[in-house]
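Shown next, in structure tokens, is the structure this report addresses.
The values are calculated or read from the model by the stated rules, or taken from the named source; none is laboratory data. The structure displayed is predicted, hence computed values, not measured ones. Neighbour counts run over all protein chains shown; Cβ positions are idealised from the backbone, glycine included.
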Amino acid sequence: MSKDKLQYDVIVVGAGMAGSTAAAIAAREGLNVAVIERGVKPGSKNYFGGALYTHALVDIYPDFFDRKPPLERPVTETGFWFLSDDGLVKATVQGGVVNSDPIDAYVALRAEFDPWWAEQAVAEGAFIIPKTLVEDFLYEDGKVVGVKTDRPEGDVYAPVVIVCEGVNNLLTQKLGLIDHDLKISKTALAVKQMISIPAKDINARLGLPDNNHGMAISVMGDVSMGLAGLGFLYTAKGALSLGVGVTLDALQESGIKPYELLQRYLEHPAIAPLIKDGQMMEYGAHLIPEGGWTTMPRLYTDGVLVAGDAASMVNALHWEGTNMAITAGKQAGLTAVEAHKKGDFSAKSLSTYQDKLSDLFVLQDMKQYRKFSAFLKNHPQFMDIYPTFINDALGMFFTGFGKPKRKLYKDILRSLTSRRPLFKAIGDIIAFGRSIIGI
Amino acid sequence: MDKNKQKRELPQVYIDDMLGSLKYFTDEQELHLAIIDPAVCQACEDQPCIQFCPVGAYRAQDGRTVQIAVQSCVECGTCRVLCPYLNISWKNPRGGFGVSYKFG
């Protein structure tokens, strides 16, 4: 062994939510941690809706808000918007449970938040190595003992490597922790535009009292043109983020160009006025691993732990992912600390990582929602028929047309049954319930 | 209610106009994407990569020869997963290169 061998206690691959969290936790316990990030800085490859969940952030840094994190707006109104081809029903909630202290979720921009989140890990003692790609692992006696990077003489050693490489989990595949690449029926492509609009116009257009109020909205219906997928809308301080995500198999079958689907959403008569005179600041695209439990790799092997998108830790219905990544990153960090105390980095020793996640919402939810991605694929009517029906039904209920109410109710029912027989609609509701309860 | 009205069509989008909003550090020495066997693309009937790539990096030259504008790639991975013939060699760009989101 050469004496200038680059040796750490822990290597973390990727400085996203999972990676920088794992690094902070391990460094806090005195371990020597290197985080290897392929972007010019943390966050430069990351792209989401999106909102971060306070519970996960505060769990890592109890004084999180005192640290002046770069957040956009708190999510003070959230819920669904149902789009028909020219109408909109809003089913959102504000106040009440949503008005918690602190607020449950904050809109953030990853290119601003991730570098800050990584800085907190650096303050704990972690070392960030940016602009460096991990290409492969280093093995001794068949066990991972480090990583090979694309730097000259770029081998870095550590007895445990925490892989937080993101959705394109090629390293995880290389380790054989999962025996296939991403599945097209269980992966969504999301495309998004961030559109700059003066804060006062955002507030006026969305009915927000001031810049300290914001929205996280899931948009169903016309936005996905009947494909398995959803739209979204998030409020930054002086910008709106609007995007649409559809599963890859649906995209393939439809022949639709993703950016045309997005543009069509932006031109919807209920959406276009929100972004009028806005300036497009950034367009981007990212995959989302929506298979959850069904596409989760093995989470550990000798000298390796996997966390975040790389481990398919996403809840597609509840728009959760970053919180799972943070929570899993923390548990991976703690597991690395324990392994160092034991001096045992075998798969058996590291398997406590999975036990920890099983006791938490991460694996419990992934198991419970394991049928959800299949449900979406098999029930496209939730993307098409039902959002339109909700628009028609509410519209008819609140407009008279001068006809007797008995006739009105019949018309409402017919606007459903003309699209989907009643018994099938009831079956769809039951199937939805089963998919989220997990039976 | 007018049930006979036309469904809204897909608008035409010039993707190059949208790519102007993206920041890249272009690797002048190495390309991280490549077509493994150009003949396979020539014979591919639908050439769906031209449709599904979210930045329109795949274009057909002279009718059927698929070419990749690698510098436009945002490293999403869609092409690797959706190519029906798994005919795309997909790697991450070298450290420090490729897309660099300004907002994310």
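So here's what we get for this one:
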| quantity | calculated |
| --- | --- |
| Flag if A:Ile288 is farther than 16 Å from A:Val362 by Cβ, crowded, with 19+ Cβ neighbours inside 10 Å and of a type outside the set (Ser, Thr, Tyr) | yes |
| Hits in the stretch B:49-104 (condition: out of contact with any helix residue (DSSP H, G or I) (no Cβ under 6 Å at 6 or more places or on another chain), in a loop (DSSP other than H, G, I, E, B) and at the interface with another protein chain (Cβ under 7 Å from one of its Cβ atoms)) | B:Val74, B:Glu75, B:Cys76, B:Gly77, B:Asn92, B:Arg94, B:Gly95, B:Gly96, B:Ser100 |
| Test: residue in the stretch B:20-33 that is in a strand (DSSP E or B), without any contact (Cβ under 8 Å) to a residue 24 or more places away in the chain, surrounded by fewer than 19 Cβ atoms within 10 Å (Cβ to Cβ) and not small (Gly, Ala, Ser) | no |
| Odd one out for A:Glu119, checked against (1) within 14 Å of chain B (Cβ to nearest Cβ); (2) out of contact with any Lys or Arg (no Cβ under 7 Å at 6 or more places or on another chain); (3) under 30 Å from B:Phe97 (Cβ atoms) | (1) |
| Qualifying residue in the stretch A:191-202 (condition: in contact (Cβ under 8 Å) with a residue 12 or more places away in the chain, under 29 Å from A:Ile129 (Cβ atoms), crowded, with 22+ Cβ neighbours inside 10 Å and touching a helix residue (DSSP H, G or I) at 6+ places or on another chain (Cβ under 7 Å)) | no |
| Residue list for the stretch A:240-270, filter: more than 8 Å from chain B (Cβ to nearest Cβ), closer than 27 Å to A:Tyr106 by Cα and over 20 Å from the mean Cα position of the chain (by Cα) | A:Tyr265, A:Leu266, A:Ala270 |
| Among (1) surrounded by fewer than 23 Cβ atoms within 10 Å (Cβ to Cβ); (2) touching a Pro at 6+ places or on another chain (Cβ under 9 Å); (3) assigned by TED's automatic domain parsing to the domain that holds A:Val145 - the single one A:Asp63 does not satisfy | (2) |
| Some residue of the stretch A:306-320 being within 12 Å of chain B (Cβ to nearest Cβ) and either at positive phi or within 10 Å of the chain's Cα centre (by Cα) (or both) | yes |
| Those residues of the stretch A:37-58 which are in contact with a strand residue (DSSP E or B) (Cβ under 7 Å, 6 or more places away or on another chain) and either free of Cβ contacts under 8 Å to residues at least 40 places away in the same chain or part of a helix (DSSP H, G or I) (or both), in sequence order | A:Thr54 |
| Top-ranked residue in the stretch A:208-226 [being surrounded by fewer than 21 Cβ atoms within 10 Å (Cβ to Cβ) and assigned to a loop (DSSP other than H, G, I, E, B); ranked as farthest from the other protein chains (Cβ to nearest Cβ)] | A:Pro209 |
| Answer residue from the stretch A:122-154, given it is within 18 Å of B:Tyr101 (Cβ to Cβ) and hydrophobic (A, V, I, L, M, F, W, C) and is nearest to the other protein chains (Cβ to nearest Cβ) among those | A:Leu133 |
| Answer residue from the stretch A:15-36, given it is touching a strand residue (DSSP E or B) at 6+ places or on another chain (Cβ under 6 Å) and within 14 Å of another protein chain (Cβ to nearest Cβ) and is surrounded by the fewest Cβ atoms within 10 Å (Cβ to Cβ) among those | A:Ala34 |
| A:Asp155 of a type in the set (Asp, Glu), surrounded by fewer than 19 Cβ atoms within 10 Å (Cβ to Cβ) and out of contact with any helix residue (DSSP H, G or I) (no Cβ under 9 Å at 6 or more places or on another chain) | yes |
| All positions within the stretch A:315-348 that are charged (D, E, K, R) and under 24 Å from A:Ile217 (Cβ atoms) | A:Glu320 |
| Verdict on A:Gly176 being on the phi > 0 side of the Ramachandran plot, within 14 Å of chain B (Cβ to nearest Cβ) and not in a strand (DSSP E or B) | no |
